[in-house]
Amino acid sequence: MVEVKVNGTYTDSSILIGESIQNVGKYIPPTGVFVVTDEKVKSIYGSSFAHLPCFCIGQGEEHKSLQTAESIYRWLLSQDADRSSFILAIGGGIVCDVAGYVASTFMRGVRFGFVSTTLLSQVDASVGGKNGVNLDGYKNIVGTFNQPEFVICDPQTLISLDERDFRAGLAEVVKHTLIADSDMFRYLEQNSTLLANRNVEAISKVVENSVRIKAQIVSNDEREQGERRKLNLGHTWGHAVEKLTKLPHGEAVSLGLIFA
């Protein structure tokens, strides 16, 4: 396992690359933990958190909304959650974005952590402390900067990903190499077959590289006043493509990178 630190204004975040979802109990409190996930993730990994109260959100950008956040707030209240509670998000970028936003705002903020189960989330969405929801077609227009206490990036969870979702995550990997690491760009070219076949060693290598690049940038500019804007490479065009075509985020970003 490799640990990469992100230094935040209020909390430092530990990104745990190679840690197993089965070991999540080591990083959460013994009581007061509430899980946010989706039905697909629960169907695959539910045995890892069957003993914890769980809220499932829908899949797709339309569920990344204030309405979903409100539903989770009401559920937390019905479960007697309080300021000492801990929210554990288990899933991809949408789950982590929504759960991070809820945790940052419920009772003015409670502790939270992520188990990131998609490649796009492991290399980008769950790292860096951006949490938020969409509003009236505007992506991430409501949100917070707030670091999770930990992010578990288990390479084994990527084996069960749909092929399209896996390839979409590679777009963000390419983005990071274009920003900061020409050697890793060449590694991607030379090892594309290994990556396409989801070789655990190759995947772990590119996840660690992307996390290190993003962690350094975010630690220097958490609130996107300057250097962090580099991470938006391909996203101006990409978000337009995503909105108009409904393509998955990673595919839209790959087109945005070409436009850029």
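The values are calculated or read from the model by the stated rules, or taken from the named source; none is laboratory data. Please read these numbers as outputs of a predicted model, since none were measured by experiment. Using ideal geometry, Cβ is built from the backbone for each residue, glycine included, and neighbour counts are taken over all protein chains shown. To get the accessible areas, we keep the full protein, side chains included, count just its heavy atoms, and leave off ligands, DNA and RNA. Shrake-Rupley method; radii C 1.70, N 1.55, O 1.52, S 1.80 Å.
So the values come out like this:
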| item | result |
| --- | --- |
| Near pairs, Cβ below 9 angstrom, 6+ apart or cross-chain, from segment 99-120 (of a type in the set (K, R)) to any residue that is open to solvent by less than 10 Å² (accessible area, probe 1.4 Å) | R111/S85; R111/F86; R111/I87; R111/A103; R111/P148 |
| Subset of segment 75-96 [closer than 28 Å to H249 by Cβ, outside any strand (DSSP E or B) and of a type outside the set (V, I, T)] | W75, L76, G92, G93, C96 |
| Residue in segment 46-65 that is part of a loop (DSSP other than H, G, I, E, B), in contact (Cβ under 8 Å) with a residue 60 or more places away in the chain and within 18 Å of D124 (Cα to Cα) present | yes |
| Some residue of segment 97-104 being at pLDDT 95 or above and part of a strand (DSSP E or B) | no |
| Failed item, numbered, when H249 is tested on (1) at pLDDT below 95; (2) on the phi > 0 side of the Ramachandran plot; (3) buried (at least 18 other Cβ atoms within 10 Å of the Cβ) | (2) |
| Residue list for segment 74-117, restricted to those being touching a strand residue (DSSP E or B) at 6+ places or on another chain (Cβ under 6 Å) and open to solvent by 50 Å² or more (accessible area, probe 1.4 Å) | R111 |
| Count of segment 17-27 residues which are more than 15 Å from the chain's Cα centre (by Cα) and surrounded by 21 or more Cβ atoms within 10 Å (Cβ to Cβ) | 2 |
| Matching residues, segment 157-179, being small (G, A, S) and either without any contact (Cβ under 8 Å) to a residue 40 or more places away in the chain or touching a Gly at 6+ places or on another chain (Cβ under 6 Å) (or both) | A168, G169, A171 |
